[in-house]
Amino acid sequence: MRHRIAVVGGGPGGLTFARVLHRHDHPVTVLERDPAPDARPPGGTLDLHEGLGQLALAKAGLLAQYQALSRPEGQAMRILDTAGTVLRDWRPRPDDRANPEIDRGQLRDLLLGPLDVQWGRGVTQVVPGTRDGVLVHFADGRQETFDLVVGADGAWSRIRPALSPVTPHYTGVTTVETSLDDVDTRHPDLARLVGDGSMAVYGVNRKLVAQRNSGGHVKVYAQFRAPLDWHTNLDLADAEAVRSSLLALFDGWAPPVLDLLRHGSAFAHRPLYVLPVSHTWTPVRGVTLLGDAAHLMPPLGAGANLAMLEGAELAESIATSPGDLDDTVRAFEERMWARAGKWAKITTAGLERLVSPDPAEALALFDRVQQ
């Protein structure tokens, strides 16, 4: 008998989980609160690691398609000091496929494929332990029951409260994001400054990162340590006011670097939140979590990779294991907790070094990672 399984969240982790189940001919219901795939901007580019995100795509039968879409040249990394001097200019070998970049929108479309996603199905809560299974409450007042509900619904998960009372806490680091379009034509000097991959400048308790996406699109991230209410007297919807505030915050940095902010379009405020490094829970029949819903950590290249591999592993275990469903889920959680705990420690320490009083810490971390 096939289990009634739902995954809440149509991000990389949830879609990978559904896609692997689909590959094994196991039915799955994908519940996503957004009304359509393109209802929101998909976000920046992702580097998928060989042993994490790429392994997940292999389990989904999608590795070849990913390789055709990905940008190995996007692995390049350039570091400047605040005066604009190039300190490091690392470029991958032509055959380097360790962490190729792919736009989030391209990855989403690749994973969606034949999946039948229920768009506009916002989940408000789940109630485990009912006679018919796990009861899912929807924002429109409807209800539905499943044998297993997988929460892949991100930092502010509506599924997590069924397992854990823990909520994300602010790291003390805020990101303000902007972007530039058609950069090679409209801003050729900035295109050369950024290069084929990413460019980073580190200062005292702040950094500026520019990351090339496909199609001449560049994402720019201003990151700095500040109280959560740092913007109390600033209208975040006023792009010129935000721009002026950022230019003042990064005053004295090289003019070409600041041009990334001067030419940016709209600005988005994204304070960084995390869950405790070793977040676990007492198992609850019929409910589990993966990705940011389970182990939100600083965005240093691990989050989406972990979510995708967790989704693939859980789906594969469910589809191929003849044993009890809850035993399968419990074994998955133990593996996830161990691996995620390791990465949470790494990324937490990394954030401390990348946005620190001593910019040399960031450079030393880069050298260590490249070695």
- Only unsatisfied item for GLN223, checking (1) part of a loop (DSSP other than H, G, I, E, B); (2) buried (at least 21 other Cβ atoms within 10 Å of the Cβ), is (1)
- Message: Anything in the stretch 98-126 that is in a helix (DSSP H, G or I) and open to solvent by 40 Å² or more (accessible area, probe 1.4 Å)? List them, or say none.
- Response: ARG104, GLN106, ARG108, ASP109
- Would you pick out the residues in the stretch 192-220 that are polar (S, T, N, Q) and open to solvent by less than 30 Å² (accessible area, probe 1.4 Å)? SER198, ASN213
- Task: Filter the stretch 266-325 down to residues that are among the polar types (S, T, N, Q), more than 24 Å from VAL126 (Cα to Cα) and outside any loop (DSSP other than H, G, I, E, B), then give me how many there are.
- Result: 2
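Every residue, every condition in (1) β-branched (Val, Ile, Thr); (2) over 26 Å from the mean Cα position of the chain (by Cα); (3) open to solvent by 30 Å² or more (accessible area, probe 1.4 Å), yes or no:
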site	(1), (2), (3)
ALA239	no, no, yes
SER245	no, yes, yes
LEU260	no, no, no
HIS279	no, no, no
ASP292	no, no, yes
- Message: Checking the structure you have, find out if any residue of the stretch 184-191 is touching a helix residue (DSSP H, G or I) at 6+ places or on another chain (Cβ under 8 Å), part of a strand (DSSP E or B), within 23 Å of PRO72 (Cβ to Cβ) and open to solvent by less than 70 Å² (accessible area, probe 1.4 Å).
- Response: no
- Message: Given the criterion at pLDDT below 95 and either of a type outside the set (Gly, Ala, Ser) or under 24 Å from the mean Cα position of the chain (by Cα) (or both), identify the matching residue among THR130, THR167, THR145, THR174.
- Response: THR130
- Message: Is it the case, given these coordinates, that PRO35 is outside any helix (DSSP H, G or I), open to solvent by 40 Å² or more (accessible area, probe 1.4 Å), closer than 30 Å to ARG4 by Cα and touching a Phe, Trp or Tyr at 6+ places or on another chain (Cβ under 8 Å)?
- Response: yes
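The values are calculated or read from the model by the stated rules, or taken from the named source; none is laboratory data. As the structure is a computational prediction, the values presented were derived from the model and not from experiment. Backbone-built Cβ (ideal geometry, glycine too); neighbour counts: all protein chains shown. Surface areas here come from the heavy atoms of the whole protein model, side chains and all, with no ligands, DNA or RNA. Shrake-Rupley method; radii C 1.70, N 1.55, O 1.52, S 1.80 Å.
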